[in-house]
Amino acid sequence: MNVYRVLRRWNVRPDKALGQNFLVDQTILRRIAEAAELTSADVVLEIGAGTGALTELLAQDAGHVVALELDQQLIPILEGELSALDNVSIVQGDILRLDPTQLIQTDGQRHESSPLQYKVVANLPYYITSAVLRHLLETDSRPEMMVITVQREVAQRIVARPGDMSILAVSVQFYGDPQLLFRIKPGSFYPSPDVESAVLRVDVYSQPPLPEEESDAFFTVVRAGFSQRRKQLHNSLSAGLGERISKHEAAARLEDAGIDPRRRAQSLSVEEWIDVTRALSNAI
Ligand code: SAM
């Protein structure tokens, strides 16, 4: 699809306020679609379909594509440009206000007896990246895989290793295995954004490492740990948990769990945060 020509034909200008930087580079679009490793058994939720340039490629390989787009003015374009594809459903709406499973379930191909399986492919507006990740991961029916285009710095933060961890990195790595696949230069988009982008693939675990009842406690501990990221862990945990546990006691429990209380939040892996959560369980 020639995005410039489509925009001209429909007399539409990209809306900056909605993060509309359309991918115009066919090679990049193809690489994104390939990264999702689609087969005819796959149902894809594409978030922010724009003019449908990526949708068209996804539909070539997937069984079904649900193309979600917030901008009302792009809906007739999607319907017009993709009218020949009978495996695409176009839905107008805001991903943050919609239940992804309901979007997928409206797809007639779902068999009632099988568990809900779907992949997400999205070239997201940068300002909603974290909110969308949270929305997709903190539900009962997570996608099995996500291929998302995000700001390069955000992609690097998400794939960080112990030493450079953040709440965002821990939150994504709790639910899946993120990999940075490749970078995209601003010139591959129209209009060009001010920043570089990167494509991230997240293989989502079929089961997160803790059951749902314990994951609230896990995130309470992680948030407490990062509340004062320059401080040593026993101090930040005690302060972040509202002094429900003293610094002294926090230090003792961390030692018992084999974690040096003088470490800082950014140095811990997801597995170590799980150990910390268990060590502090009756203080949360
Ligand atoms: N997929 C197209 C591409 O790759 O060129 C468009 C990507 S553009 C960066 C992001 C798209 O997301 C825009 O079309 C925008 O209107 C849409 N969008 C913005 N916020 C959204 C939301 N909350 N829910 C669904 N779509 C949204």
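The values are calculated or read from the model by the stated rules, or taken from the named source; none is laboratory data. Just so it is clear, the structure is predicted and the values come from calculations on it, not from any experiment. FYI the Cβ positions are ideal-geometry reconstructions off the backbone, even for glycines, and counts take in every protein chain you see. These accessible areas exclude ligands, DNA and RNA; they are computed on the full protein's heavy atoms, side chains included. Shrake-Rupley method; radii C 1.70, N 1.55, O 1.52, S 1.80 Å.
When PHE218 is tested against (1) without any contact (Cβ under 8 Å) to a residue 60 or more places away in the chain; (2) in contact with an Asp or Glu (Cβ under 9 Å, 6 or more places away or on another chain), exactly one condition is not met: (2).
In summary, GLU212 fulfils each of the numbered conditions (1) in contact with a Pro (Cβ under 8 Å, 6 or more places away or on another chain); (2) closer than 17 Å to THR277 by Cα; (3) not aliphatic (A, V, I, L, M) with the single exception of condition (1). Within segment 54-76, being among the β-branched types (Val, Ile, Thr) and either in contact with a Lys or Arg (Cβ under 8 Å, 6 or more places away or on another chain) or more than 23 Å from THR27 (Cβ to Cβ) (or both) holds for VAL66, ILE75. Scanning segment 198-224 for residues that are small (Gly, Ala, Ser) and part of a helix (DSSP H, G or I) yields SER215, ALA217, ALA224. In segment 258-284, the qualifying residues are those that are small (Gly, Ala, Ser) and either open to solvent by 70 Å² or more (accessible area, probe 1.4 Å) or more than 31 Å from the chain's Cα centre (by Cα) (or both), and the one that is modelled with the lowest pLDDT is SER281. Within segment 1-16, the set of residues being open to solvent by 40 Å² or more (accessible area, probe 1.4 Å) and either within 11 Å of the ligand (Cβ to nearest atom) or among the hydroxyl-bearing types (Ser, Thr, Tyr) (or both) comprises MET1, TYR4, ASP15, LYS16.
Every residue, every condition in (1) in contact (Cβ under 8 Å) with a residue 24 or more places away in the chain; (2) on the phi > 0 side of the Ramachandran plot; (3) open to solvent by 40 Å² or more (accessible area, probe 1.4 Å); (4) in contact with a helix residue (DSSP H, G or I) (Cβ under 6 Å, 6 or more places away or on another chain), yes or no:
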residue	(1), (2), (3), (4)
ALA198	yes, no, no, yes
TYR205	yes, no, yes, no
ALA224	no, no, no, yes
ARG229	yes, no, yes, yes
SER236	yes, no, no, yes
GLY240	no, no, no, yes
ALA251	no, no, no, yes
GLU255	no, no, yes, no
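Of everything listed in (1) more than 10 Å from the ligand (Cβ to nearest atom); (2) open to solvent by 10 Å² or more (accessible area, probe 1.4 Å); (3) more than 20 Å from PRO191 (Cβ to Cβ), the single unmet condition for GLN26 is (3).
Contact map, segment 151-169: first residue among the polar types (S, T, N, Q), second residue open to solvent by 50 Å² or more (accessible area, probe 1.4 Å), Cβ cut-off under 7 Å, separation 6 or more or different chains; pairs are GLN151/TYR126; GLN156/LEU180; SER166/ARG157. Residue count for segment 165-197 under the criterion of being within 27 Å of PRO100 (Cα to Cα) and outside any strand (DSSP E or B): the result is 10. Condition (residue is out of contact with any strand residue (DSSP E or B) (no Cβ under 7 Å at 6 or more places or on another chain) and either acidic (Asp, Glu) or open to solvent by 20 Å² or more (accessible area, probe 1.4 Å) (or both)) applied to segment 47-54: is it met by at least one residue? Looking for residues that are out of contact with any strand residue (DSSP E or B) (no Cβ under 7 Å at 6 or more places or on another chain) and either acidic (Asp, Glu) or open to solvent by 20 Å² or more (accessible area, probe 1.4 Å) (or both), one finds none in segment 47-54, hence no. Count of segment 31-75 residues, restricted to those that are of a type in the set (Gly, Ala, Ser), assigned to a helix (DSSP H, G or I) and within 10 Å of the ligand (Cβ to nearest atom), is 1. Could you tell me whether segment 239-246 includes any residue that is in a helix (DSSP H, G or I) and more than 21 Å from GLY176 (Cα to Cα)? Checking segment 239-246: at least one residue is in a helix (DSSP H, G or I) and more than 21 Å from GLY176 (Cα to Cα). For segment 64-120: of the residues being acidic (Asp, Glu) and crowded, with 16+ Cβ neighbours inside 10 Å, which is modelled with the lowest pLDDT? Taking the candidates together, the pick is ASP107. The residues of segment 122-164 that are open to solvent by 10 Å² or more (accessible area, probe 1.4 Å), touching a Phe, Trp or Tyr at 6+ places or on another chain (Cβ under 7 Å) and not in a loop (DSSP other than H, G, I, E, B) amount to a single one, GLN151.
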